[in-house]
Every structure is written in structure tokens, then in C-alpha cells.
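Structure first, commentary second.
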Amino acid sequence: MTVVFKTRKLEKTFNSGSLLERTYGKSRARAIMMRLAVLANAPTLAAVPHTPPERRHQLTGDREGQYAVDLDDRARLILAPNHDPVPLLDDGGIDIQRVTAITIMEVVDYH
């Protein structure tokens, strides 16, 4: 799957192991690198496991249209389909079988 970043700063941070560790800490940085590898190697968003440790899940409310994968017990890596238009199912939901590109939005603890 194609992975892009919402901002240049986020891309720079995620592409530097030392900057990633300084920003998020060693343990969380390691989890981010593992999740990025899973995302990059998945052919579609549907191929990203919905079970731990990744636990891909769709978000709701003000984050509708976005997905999260777990990093640790609190932090989530937030992503969104990077398609124009976003592939949809007949019922209007996102067709994750056809999502082949994503944008990494942020790392957040929204709990």
C-alpha cells in the first residue's frame, strides 16, 4: 500500500529513527516502525489485521472516514484513505478492499 504523510514535518520525523525516538520515546517509536512496515506491505487496508497487535479499526464522530492502528495501550496511529474519490461500498461505507493508498495523519492518545 502507498503510504504518504499529512505534513512534511511528520514525514521527516517518521523517516528518521533518531528523530522518531526523540519525539515519541523508544518504545512507541519501535511500535510506529513496526506498524508502518505492516501498512506499507499490505496490498489494501483490508489486509491490515483488525486483531492485536495492529488492531485496525474505523473511527467515528469527528474522525469519521479515518482509521487507527494501536501503538500501545493509549496511543494510536491515525490514517485516512488517500483516494479521490474514496472507494465506497453500496451502503456508503468505505470499501477497504479497494483502499491501496493511505495518508498518515498523526499519532494521538484520544482516550
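Things to note:
- Residue count for region 16-35 under the criterion of being touching a helix residue (DSSP H, G or I) at 6+ places or on another chain (Cβ under 8 Å) and in contact (Cβ under 8 Å) with a residue 40 or more places away in the chain: the result is 2.
- Residues in region 82-111 that are within 16 Å of the chain's Cα centre (by Cα) and open to solvent by less than 20 Å² (accessible area, probe 1.4 Å): Val99, Ala101, Ile102, Ile104.
- Filter result for the condition that a residue is modelled with pLDDT of 95 or more, more than 15 Å from Arg76 (Cβ to Cβ) and aliphatic (A, V, I, L, M), over Met1, Met34: Met1
The values are calculated or read from the model by the stated rules, or taken from the named source; none is laboratory data. Predicted, not measured: the structure shown is a model, and the values here were computed from it. Backbone-built Cβ (ideal geometry, glycine too); neighbour counts: all protein chains shown. Heavy atoms of the whole protein, side chains included, go into the accessibility calculation; ligands, DNA and RNA do not. Shrake-Rupley method; radii C 1.70, N 1.55, O 1.52, S 1.80 Å.
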